[in-house]
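The values are calculated or read from the model by the stated rules, or taken from the named source; none is laboratory data. Just so it is clear, the structure is predicted and the values come from calculations on it, not from any experiment. Every residue, glycine as well, gets a Cβ built from its backbone with ideal geometry; the counts of neighbours run over all protein chains shown. Surface accessibility is based on the protein's heavy atoms, side chains included, excluding ligands, DNA and RNA. Shrake-Rupley method; radii C 1.70, N 1.55, O 1.52, S 1.80 Å.
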Amino acid sequence: MSSKSVKKILIIKLSALGDVVHALPVVRTLRQEYPDAFIAWMVEERYQELLYNNPDIDEVITLRTKHWRKNWNWETCKEILQTKNNLQQKNFDVVFDFHGLIKSGLIAMLSGAKTKVGFHRKNCKEKISCIFTNKKGPYMAGGIHVVDMYLTLVQSALGIQKQIKQFPLSTTDNQEEKIEAFLQNHAELTAKPIIGINPGAGFESKLWQLERFAQLADRIVDEMGCSILLTWGPGEEDKVKKIATLMQQKNWIAPATTIQESIALYKHLKLLVSCDSGPLHLCAALGIATVSLFGPTDPVRNGAYGLHHETVYKMLPCSFCWKKKCPLGTNECMEQVTVDEVFDAVRCNQENQLNAE
């Protein structure tokens with residue numbers, strides 16, 4: 001496909017938070033190759049803040065699939081039909097499906113784009129979704145990070161040579177000011193390097209015990225002289241409150257934040273400790289050091305991307321099952337991760353950063 005024939009491009013990456021972040025280098029790369037192209041990104045409404053003021057995107061098209069599933073009625077049908085009509089009116093030349101799901105494949109087909117690019121059948125999450133695309137990427141075996149998988153798909157489809165692995169993330173002045181006000185009101189927190197503890201995750205089998213997070217945080221304060229900031233997202237406030245009550249050392253709980261306010265907050269961290277979660281990938285995209293705990297998901301494919309990251313995990317016969325609930329009912333892969341191992345990773349990470357400076 002010649003560069004002159006690519007004038008309008010649609011990206012389909014609907015969710016979740018970390019997955020949207022992982023796809024940001026795709027539009028950076030596409031904009032470099034096609035500076036005059038019209039590039040649109042279709043995303044779930046609740047994640048659109050991640051694309052705010054992105055210099056590589058001309059239009060953000062939002063979907064409300066969660067709302068549609070809960071409110072299946074005539075109004076929903078009209079909204080879906082209107083979305084389809086709007087897509088087709090834009091006359092996209094190329095659409096990229098970065099999910100490999102039936103729903104994303106259907107969107108690609110309904111877009112009306114002549115070239116519909118998707119993963120090789122074996123790389124699709126729902127293999128039947130490959131029937132909706134007419135240009136397939138090469139088969140990519142294990143051992144490749146998802147960021148590189150997305151870039152490989154784009155390169156193979158359009159013959160692009162250069163990859164740009166950058167993650168543009170923007171905030172507003174008001175959001176920065178809100179975070180600055182919080183930090184100014186907690187001078188003792190900012191008097192020492194701040195290490196964030198984020199106990200939440202997208203599903204149950206990724207979680208680590210709150211008691212262990214509390215023990216870890218106490219050791220970080222005692223032995224490393226850092227401040228602890230407990231961060232949380234929707235529905236997770238009880239988790240950080242429990243950790244705070246279990247801790248012996250002083251700690252701080254982050255205020256409620258939107259996605260963009262979280263970005264503004266994470267910029268002040270020296271390091272984040274987290275399970276496989278959206279905040280982990282946001283911090284990695286911002287260049288913040290991380291220590292992550294992995295169990296059911298593969299850190300090689302879905303770990304923190306870039307430099308200054310440590311991952312703690314156990315290789316078991318059932319590792320990387322990708323199940324939302326442990327099939328054995330034991331959460332063994334996360335249970336075997338010890339406080340000592342995570343603390344050693346935090347200390348090692350910080351020592352390596354000091355040596356690199």
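Observations, loosely collected:
- Tally of residues being assigned to a helix (DSSP H, G or I) and touching a Leu at 6+ places or on another chain (Cβ under 8 Å) across region 332-348: 7
- Whichever residue in region 251-260 is within 22 Å of residue 285 (Cβ to Cβ) and in a loop (DSSP other than H, G, I, E, B) and, among such residues, is least open to solvent (accessible area, probe 1.4 Å): 254
- Members of region 69-121 found to be surrounded by fewer than 16 Cβ atoms within 10 Å (Cβ to Cβ) and touching a Cys at 6+ places or on another chain (Cβ under 9 Å), listed by number: 121
- Of the residues making up region 143-183, those that are more than 28 Å from residue 121 (Cα to Cα), assigned to a helix (DSSP H, G or I) and among the hydrophobic types (A, V, I, L, M, F, W, C) are 179, 181, 182, 183.
- The one condition in (1) over 30 Å from residue 298 (Cβ atoms); (2) open to solvent by 50 Å² or more (accessible area, probe 1.4 Å) that residue 34 fails to fulfil: (2)
- Residue satisfying all of: in region 202-250; among the polar types (S, T, N, Q) and either in a helix (DSSP H, G or I) or open to solvent by less than 30 Å² (accessible area, probe 1.4 Å) (or both); nearest to residue 298 (Cα to Cα) among these: 205
- Helices (runs of 4 or more DSSP H) contained in region 1-89 and holding at least 2 residues within 16 Å of residue 99 (Cα to Cα) and β-branched (Val, Ile, Thr): 17-22, 24-33
- Check on residue 263, open to solvent by less than 10 Å² (accessible area, probe 1.4 Å) and within 30 Å of residue 176 (Cβ to Cβ): yes
- Residue count, region 184-201 (criterion: without any contact (Cβ under 8 Å) to a residue 24 or more places away in the chain and in a loop (DSSP other than H, G, I, E, B)): 1
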